[in-house]
1. In segment 191-223, which residues are surrounded by fewer than 22 Cβ atoms within 10 Å (Cβ to Cβ), modelled with pLDDT under 85 and either touching a strand residue (DSSP E or B) at 6+ places or on another chain (Cβ under 6 Å) or not hydroxyl-bearing (Ser, Thr, Tyr) (or both)?
2. Run down GLN208, GLN163, GLN153 and say which single residue is without any contact (Cβ under 8 Å) to a residue 24 or more places away in the chain and polar (S, T, N, Q).
3. Can you tell me which residue is surrounded by the most Cβ atoms within 10 Å (Cβ to Cβ) among those in segment 127-139 that are farther than 25 Å from SER315 by Cα and in contact (Cβ under 8 Å) with a residue 40 or more places away in the chain?
4. Would you please list the contacts, defined by Cβ atoms under 8 Å and residues six or more apart or on different chains, that run from a residue in segment 33-62 that is part of a helix (DSSP H, G or I) to a residue that is charged (D, E, K, R)?
5. Give, as residue ranges, the helices (runs of 4 or more DSSP H) completely inside segment 302-353 that count at least 1 residues that are buried (at least 22 other Cβ atoms within 10 Å of the Cβ).
6. Where residues in segment 161-190 are over 24 Å from the mean Cα position of the chain (by Cα) and under 30 Å from GLU136 (Cα atoms), which of them is surrounded by the most Cβ atoms within 10 Å (Cβ to Cβ)?
7. What tally of residues in segment 289-301 results from selecting those that are part of a loop (DSSP other than H, G, I, E, B) and closer than 17 Å to TYR222 by Cβ?
8. Step by step: first the residues of segment 379-437, then only those that are touching a Ser or Thr at 6+ places or on another chain (Cβ under 8 Å) and among the β-branched types (Val, Ile, Thr), then the one that is nearest to PHE235 (Cα to Cα). Which residue is that?
Amino acid sequence: MNQSYWQDTTSSIKCEKVTEDLEVDIVIIGAGLAGVSLAYQLKDLPYRVVVVERGQVGFQTSGHTTAKITSLHGQIYQLLKKHYDIHYAHLYFLSQESAIQEIREIVQKEHIDCDFYENDAYLYTDDPQYVSLIQEIENILKSFRVETISDSQHLASIGLKHQAVFHPLKYLYQLVKICQKSGVKFYEYSQVSKVKRKHYAFEVKVGQYQIQCQYVVHATRYPFIKKGMYFAKLFQTKENIDCRLYDGNSSRLCIDQSISYRPINQKGLYIDIKSCDWYAMDSIPLRGVPYIGEIKPHTHEYVIYGFQKWGMTLSQVAARLIKDCIIHQQNPYRSLYSCQYFSISFAKEYQKELLQSYYKGYIGLRFHYEELNQMSYEEGKIVRIGSKLRAVYKDKVGKCHIFSPYCPHMRGILQFDQKDKIWICPCHQSTFTAFGKLIDGPSLSSMKETKENRKKKH
């Protein structure tokens, strides 16, 4: 995946691969911040815990975030009040504030050097049409008895004190080391391909090996299993990030999410359509809140999906909630994040984005393909060769690399992102290199080579 500022400014941690069959108590699939935070919560309990990651530990979404630790999550409080009720909005706020405090306490308790510091976070607009929305969100927060702040830089704004930022990989790697000292095992480059229920236990397939366990936690950004139809209850967004000059100490998010920035070492990390230093993929739950809990009651199979761009706090919420579920302890946020409900009303907020994604993935390029002879160097396109559609990348020396245009996940037609030189499925956002190698799922396999490509090799 593309290299981020966080990856450039810290040394990655090295873990072994799964090279034998294992028998443990708990398998956590995914070594991002959610999976690692859960391992930290479980490390002192009498369970044998392993964390398996298909790539490098922390190198996916957690390594490409802007790492804002805040309760100010865009329009979420207004939307939760609109589609559920004020109680849901209040619970969501309390869970985020609790997570911020828990992260603060972990950093202090474990003496983690991760550039953690508190700052103010603002939601703002310079567009008159959004002023009333800012005011509505402010009124909701004040009904929670929250002290809000504002500034004069924008037409309208609302802010919260005692929010924070940090270096996510420095934090994550230290948690891994702490967990390892307590006996938690981490495995990287160990892709899970199947999770099978076997009597009262699970069989997790990793390559040619099997891990037997009593509990499974799916802490991946996006579901690679079709169980629970979560791939249809989420969609993904791609955000481009830049490291630029920035004068200020606060974090800011435009209410239409067209731009976001936070301070870092006399600079700032920006998210907007013009950014090009690296990109991040985020999962958006159609019901408005993440899925955190058991897929079905009493199955001991848990999911953590859909952080909707706010994974720093929600990872901590998820870690504490899943731990409490496993040890049968009460958690005030269990019903809020339960996997057992869905909101058609909330899903309609994303109707336009969803229709566009599915049109592009299943209809659009079937009829709007281009010709092979019209391609430039280092360009990828969907073209017709004979009677077949093909995904073609012409490299810098003019060689064409030809693949099936259909995503291995659910056969959406791939698109080429010219800026980042990657293939993306518009339906569920699986990503592949220009040369067809899988970057990120839900697909579990790379793009399929065609007969044309294989002939070229011979």
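1. The answer is LYS198, HIS199.
2. None of the others qualify; the one that does is GLN208.
3. It comes out as ILE134.
4. GLY35/GLU53; LEU38/LYS323; GLN41/ARG320; GLN41/LYS323; LEU42/LYS323; THR61/ARG221; THR61/ASP282
5. Result: 311-326, 334-337.
6. It comes out as HIS162.
7. 3
8. Applying the filter and picking the extreme gives ILE424.
The values are calculated or read from the model by the stated rules, or taken from the named source; none is laboratory data. Keep in mind that what you see is a predicted model, and the values were worked out from it rather than measured. Positions of Cβ are generated from backbone atoms using ideal geometry, with glycine treated the same way; all protein chains shown enter the neighbour counts.
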